[in-house]
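> Take a look at the following structure, please.
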Amino acid sequence: MEILTTTPIKQRWMEKSHAQKNFGLEDRQSTFQKLLKEFKEGEYSDGYLSPTYKVVLIDIDMFEEFLRDREERKFR
């Protein structure tokens, strides 16, 4: 009997609605939309994909980095 080990892989890309839930902003649609607009139009735009009109994918690690960077800049 052969025993295999699995390595969990963190999901890198999420659909917009899942990312919104992942960051606890499901009840703050307008806030999330504002942040997402800033994210996709700024230096983090590589973390935003829209392969079709209705599908938006967000790189979760880049979005978190964007939020941390934004947090640091808010008091400057």
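The values are calculated or read from the model by the stated rules, or taken from the named source; none is laboratory data. Given the structure is predicted, the values throughout are model-derived calculations rather than measurements. When we count neighbours, we look across all protein chains shown, and the Cβ atoms used for this are built from the backbone with ideal geometry, even at glycine. All accessible areas refer to the heavy atoms of the entire protein, side chains included, with ligands and DNA or RNA removed. Shrake-Rupley method; radii C 1.70, N 1.55, O 1.52, S 1.80 Å.
> Would you rank ILE3, ILE60 by solvent-accessible area, highest first, keeping every protein chain in place and using a 1.4 Å probe?
ILE3, ILE60
> Please express the Cα-Cα pair-distance distribution P(r) of the chain as a list of whole percents, one per 10 Å bin, running from 0 to the bin with the greatest distance.
17, 47, 21, 9, 5, 1, 0
> Further question on the same structure: Pairs LYS10/LYS34; LYS37/LYS74; LYS10/LYS37; LYS40/LYS74: which exceed 23 Å Cα-Cα?
Distance filter (> 23 Å) returns LYS10/LYS34; LYS10/LYS37.
> What order, most packed first, do the peptides 13-25, 41-53 have when packing is the mean number of other Cβ atoms within 10 Å of each residue?
13-25, 41-53
> How tilted is helix 29-41 with respect to the longest principal axis of the chain? Cα atoms for both, answer in degrees (0 to 90, nearest 10).
So the inclination is approximately 90 degrees.
> So how strong a dipole does the stretch 16-76 carry about its Cα centre when Lys and Arg Cβ are +1 and Asp and Glu Cβ are -1, to the nearest 20 debye?
For the stretch 16-76, the charge dipole is close to 320 debye.
> Any idea of the accessible area per residue across the chain, 1.4 Å probe, to the nearest Å²?
83
> For the chain, which whole-number percentage of the solvent-accessible area (1.4 Å probe, protein heavy atoms only) is attributable to carbon and sulfur atoms?
Looking at the chain in its full context, I get 49 percent from C and S.
> Using only the alpha-carbon atoms, how far is helix 60-73 inclined from the longest principal axis of the chain? Give it as 0 to 90 degrees, nearest 10.
Relative to the chain, helix 60-73 is tipped by roughly 30 degrees.
> Let me ask something additional. Within the stretch 31-70, list the trypsin sites (Lys or Arg not before Pro) lying in a DSSP loop whose Cβ has at most 12 other Cβ atoms in a 10 Å radius.
Hits after loop and neighbour filter: LYS54.
> Quickly work out the THR7-to-GLN29 label distance, labels modelled 7 Å from Cα along the C-beta direction, and quote it in nm with one decimal.
Calculated label separation equals 4.1 nm.
> What 222 nm value per residue comes from the helices of the chain, counting each DSSP H run with n ≥ 4 as -39,500 (n - 2.57) and dividing by all residues, nearest 500 deg cm²/dmol?
Taking each H run of at least 4 residues, the total per residue is -13500 deg cm²/dmol.
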